[in-house]
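> Handing you this structure, nothing more for now.
The values are calculated or read from the model by the stated rules, or taken from the named source; none is laboratory data. For clarity, every value in this text was computed on a predicted model and none was experimentally measured. Here Cβ is always computed from backbone atoms with ideal geometry, including for glycine, and neighbour counts include all displayed protein chains.
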Amino acid sequence: MAADPLDDYIDSVAMALGLTVEEGWRPAVRANLEVSLRLGRMVDEFTLPDETEPASVYSA
Amino acid sequence: MSTQPDAGKTAPSDGMSASDIALAVAARKLSAVEITEAALARINKRDTVLNSFTDVTAERARARAREIDAAIAAGKHAGPLAGVPFAVKNLFDVKGLSTRAGSKINRDLPPAPRDAMLIERMETAGAVLVGALNMGEYAYDFTGENVHDGPSRNPHDPTRMSGGSSGGSGSAVGGGLVPIALGSDTNGSIRVPSSFCGIFGLKPTYGRLSRARSYPFVASLDHLGPFARTARDLALAYDAMQGPDPDDAACTTRPVEPVADLLAQGIGGLKVAIAGDYFRKNVFPEAQEAVAHVAKALGATETVVLPEAARARAAAYIITTTEGASLHLDRLRKRPQDFDPAVRDRFIAGAMVPAVLVDRAQKFRRWYRARVLELFRSVDVIVAPATPCVAPKLGQATFTLDGVELPVRANVGIHTQPISFIGLPVVAVPVPLQPMPIGVQIIAAPWREDIALRVAHALEKMGAVAAPSPRGI
């Protein structure tokens, strides 16, 4: 059983994507994911109008 | 002719600017072959310390130089960069070389069949490619360190970082090996090495310069641009590389807008402001000193606040880590052991970021762009730190910013990321502090590279900024 709740998530996503996360890599992967999720929360908690277009919108 | 004395000068062209080289070659005072041989000699001598080159294309360069001399002898115009040696970050395709992009894995690729578009345009202008340059693996780096090729080293202190990810580009120009180099900037990878190595760097507007036949990192944020030892050389290279290109989906269809002839216009009438709030936090004293120095020289006293800059940096981080992971997903599955472990572990984590956060980051990008563009209704230029500190020691893993210990590799670009996130043009200008130089960002509105370059040139003319001669080799 994973030691950290995030480890369960890492194991599940790794399996879904066909990625290998060796035990020696896990602390660094977890640390990087924690940073990304913390920064992602900053983006997530900012309220935007529903009509906001993503910057990646394509112009034909 | 030289703008900077060079202690290691042995050939007439050592230390010459690109513009002076082009004038001397066109006037047949020096030959392109002489210039090229001198550049190759400098690389041979100094790169044993700097480790900035991964490939030296000596025979190709000699052949190109002979062509230029022959053209001039025949009375033809050889171009505004006639005989100017230059080199490129090794993510640019160079015909005949595998485009390694700082990686071990890409060395297995077949040799590139054609040069990158920007190399072709530089050579059309008369420049001479002399090689490919070291970089952080797959451009996911701010240090200039590379586990496969060794670190490129800082020309002012080889025990320090060159900066990344275009570390070899910064090191080669800062060390006086070549007057111009090309690099890429996704989150700061031109501006950070420019700052650490004490040179000028231009990150143009997103979409200004073609990325065709360069190895990508984050398509939403990737830019290419030049490094040089003077603002004029930066403008000459930039002018030579402009133009639409259907081979890059993001490349503008705007006409070429040359800048070199505008530099002498000066900066009268331009309104300059200092970036406040976020950009005054997380800096060491030397970065504060450099910004204050440039602001004083420009007579800038007003402060503007880029709204939600910390969140912009966070959104850039999310887009970077996820798009980068997507690019390398198959290699992460098949050859994870062949990555730099630090890069691999960041990419694997990036693959695990929920997609909804990426979509929200792209929507926030749209919002943030609109708010920042409003600022440019009342100011022409915004001044901000390029890096929070001078070049750290090689191998230094963390530094302390505002009392918090943070990883160097991920945080050197905290002041560059909110700017490239919305593609604003920036010239990084070098403030030659002792013992190490540091850069300042001169930021303009989209498509106004001319303004940023005019300000850089004016600062140089007034003696406020300069590329110091290499102090460490």
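> Given the conditions (1) within 27 Å of residue B:208 (Cα to Cα); (2) at pLDDT 95 or above, and given that residue B:104 satisfies all but one, which numbered condition is not satisfied?
That leaves (1) as the condition not met.
> Looking at the stretch B:351-368 only, could you name the residues that are assigned to a helix (DSSP H, G or I) and facing chain A (nearest Cβ under 7 Å)?
Answer for the stretch B:351-368, where residues must be assigned to a helix (DSSP H, G or I) and facing chain A (nearest Cβ under 7 Å): B:351, B:357, B:359, B:360, B:361, B:362, B:363, B:364, B:365, B:366, B:367.
> Collect the residues in the stretch B:402-454 that are in contact with a Phe, Trp or Tyr (Cβ under 8 Å, 6 or more places away or on another chain) and on the phi > 0 side of the Ramachandran plot, keeping them in residue-number order.
B:423
> Tell me, yes or no, whether the stretch B:431-446 has at least one residue that is under 24 Å from residue B:319 (Cβ atoms) and surrounded by fewer than 22 Cβ atoms within 10 Å (Cβ to Cβ).
Taking every residue of the stretch B:431-446 in turn, at least one turns out to be under 24 Å from residue B:319 (Cβ atoms) and surrounded by fewer than 22 Cβ atoms within 10 Å (Cβ to Cβ).
> Mind telling me which of the residues A:53, A:34 ends up being over 15 Å from the mean Cα position of the chain (by Cα) and at negative phi?
Unique residue meeting the criteria: A:53.
> I need a count of the residues in the stretch B:251-280 that are under 20 Å from the mean Cα position of the chain (by Cα) and at pLDDT below 95.
0
> For the stretch B:369-416, how many residues meet the condition of being within 22 Å of residue B:289 (Cβ to Cβ) and not aliphatic (A, V, I, L, M)?
Residues flagged as within 22 Å of residue B:289 (Cβ to Cβ) and not aliphatic (A, V, I, L, M) within the stretch B:369-416 amount to 15.
> Given the conditions (1) part of a helix (DSSP H, G or I); (2) of a type outside the set (Asp, Glu); (3) surrounded by fewer than 19 Cβ atoms within 10 Å (Cβ to Cβ), which single one is not true for residue B:377?
Unmet for residue B:377, out of (1) part of a helix (DSSP H, G or I); (2) of a type outside the set (Asp, Glu); (3) surrounded by fewer than 19 Cβ atoms within 10 Å (Cβ to Cβ): (1).
> Moving to a separate point now. Quick check on residue B:78: is it buried (at least 17 other Cβ atoms within 10 Å of the Cβ) and either not β-branched (Val, Ile, Thr) or not in a loop (DSSP other than H, G, I, E, B) (or both)?
Spelling it out, residue B:78 is indeed buried (at least 17 other Cβ atoms within 10 Å of the Cβ) and either not β-branched (Val, Ile, Thr) or not in a loop (DSSP other than H, G, I, E, B) (or both).
> What are the pairs, 6+ residues apart or on separate chains, where a residue within the stretch A:20-35 that is more than 7 Å from chain B (Cβ to nearest Cβ) and within 21 Å of residue B:320 (Cα to Cα) has its Cβ under 7 Å from a residue that is among the acidic types (Asp, Glu) and outside any helix (DSSP H, G or I)?
Partner pairs satisfying both residue conditions: A:30/A:4.
> Can you pull out every residue in the stretch B:21-46 that is in a helix (DSSP H, G or I) and over 27 Å from residue B:153 (Cβ atoms)?
Matches in the stretch B:21-46: B:22, B:23, B:24, B:25, B:26, B:32, B:33, B:34.
> Can I ask one more? Just to be sure before I move on: is residue B:379 away from chain A (no Cβ under 12 Å) and either under 28 Å from residue B:167 (Cβ atoms) or modelled with pLDDT under 95 (or both) in the structure I sent?
Taking the combined requirement at face value, the residue does not satisfy it.
> Which residues, taken from the stretch B:393-442, are of a type in the set (A, V, I, L, M), in a loop (DSSP other than H, G, I, E, B) and within 14 Å of another protein chain (Cβ to nearest Cβ)?
Residues satisfying the conditions are B:397, B:414, B:422, B:424.
> So which residues in the stretch B:116-160 are touching a Gly at 6+ places or on another chain (Cβ under 9 Å) and of a type in the set (D, E, K, R), if there are any at all?
B:121, B:123, B:137, B:141, B:145, B:149, B:153, B:157, B:160 - these are the residues of the stretch B:116-160 that are touching a Gly at 6+ places or on another chain (Cβ under 9 Å) and of a type in the set (D, E, K, R).
> For the condition touching an Asp or Glu at 6+ places or on another chain (Cβ under 6 Å), at pLDDT below 95 and either in a helix (DSSP H, G or I) or surrounded by 13 or more Cβ atoms within 10 Å (Cβ to Cβ) (or both), what is the one hit in A:2, A:28?
A:2
> Ok, one more. Quick test for you: out of B:291, B:343, pick the one residue that is among the hydrophobic types (A, V, I, L, M, F, W, C), closer than 29 Å to residue B:135 by Cβ, surrounded by 21 or more Cβ atoms within 10 Å (Cβ to Cβ) and away from chain A (no Cβ under 13 Å).
Among B:291, B:343, only B:291 is among the hydrophobic types (A, V, I, L, M, F, W, C), closer than 29 Å to residue B:135 by Cβ, surrounded by 21 or more Cβ atoms within 10 Å (Cβ to Cβ) and away from chain A (no Cβ under 13 Å).
> Say we look at the stretch B:133-160 and pick out the residues that are farther than 15 Å from residue B:186 by Cα and under 14 Å from the mean Cα position of the chain (by Cα); which of these is surrounded by the most Cβ atoms within 10 Å (Cβ to Cβ)?
B:134
> Considering the stretch B:191-205 alone, what residues qualify as being surrounded by 23 or more Cβ atoms within 10 Å (Cβ to Cβ) and outside any helix (DSSP H, G or I)?
Listed by number, the residues that qualify are B:198, B:199, B:200, B:201, B:202, B:203, B:204.
> Can you tell me which residue among B:344, B:333, B:366 is at pLDDT 95 or above and within 21 Å of residue B:418 (Cα to Cα)?
Matching residue, one of B:344, B:333, B:366: B:366.
> Which of the following residues is in contact with a Leu (Cβ under 6 Å, 6 or more places away or on another chain) and not in a loop (DSSP other than H, G, I, E, B): B:225, B:183?
B:225
> Does residue B:95 satisfy the condition of being without any contact (Cβ under 8 Å) to a residue 12 or more places away in the chain and of a type in the set (Lys, Arg)?
When the stated conditions are applied, residue B:95 does not pass them.
> Also: What are the pairs, 6+ residues apart or on separate chains, where a residue within the stretch B:190-210 that is on the phi > 0 side of the Ramachandran plot has its Cβ under 6 Å from a residue that is surrounded by fewer than 24 Cβ atoms within 10 Å (Cβ to Cβ) and among the β-branched types (Val, Ile, Thr)?
Close Cβ pairs (under 6 Å, with a partner that is surrounded by fewer than 24 Cβ atoms within 10 Å (Cβ to Cβ) and among the β-branched types (Val, Ile, Thr)) amount to B:207/B:252.
> On the basis of being out of contact with any strand residue (DSSP E or B) (no Cβ under 9 Å at 6 or more places or on another chain) and either closer than 26 Å to residue B:155 by Cα or surrounded by 20 or more Cβ atoms within 10 Å (Cβ to Cβ) (or both), does residue B:93 make the cut?
No: the conditions fail for residue B:93.
> State whether the residues of the stretch B:322-335 include one that is more than 14 Å from chain A (Cβ to nearest Cβ), among the basic types (Lys, Arg) and without any contact (Cβ under 8 Å) to a residue 12 or more places away in the chain.
Within the stretch B:322-335 (the criterion being more than 14 Å from chain A (Cβ to nearest Cβ), among the basic types (Lys, Arg) and without any contact (Cβ under 8 Å) to a residue 12 or more places away in the chain), the answer is no, since none of the residues qualifies.
> Please indicate, with yes or no, whether at least one residue in the stretch B:149-161 is within 17 Å of residue B:469 (Cα to Cα), touching a residue at least 12 places away in the same chain (Cβ under 8 Å) and part of a loop (DSSP other than H, G, I, E, B).
yes
> Output the number of the condition that residue B:279 fails; it satisfies all remaining conditions of (1) surrounded by 21 or more Cβ atoms within 10 Å (Cβ to Cβ); (2) of a type outside the set (Lys, Arg); (3) within 12 Å of chain A (Cβ to nearest Cβ).
Here residue B:279 meets the rest and fails (3).
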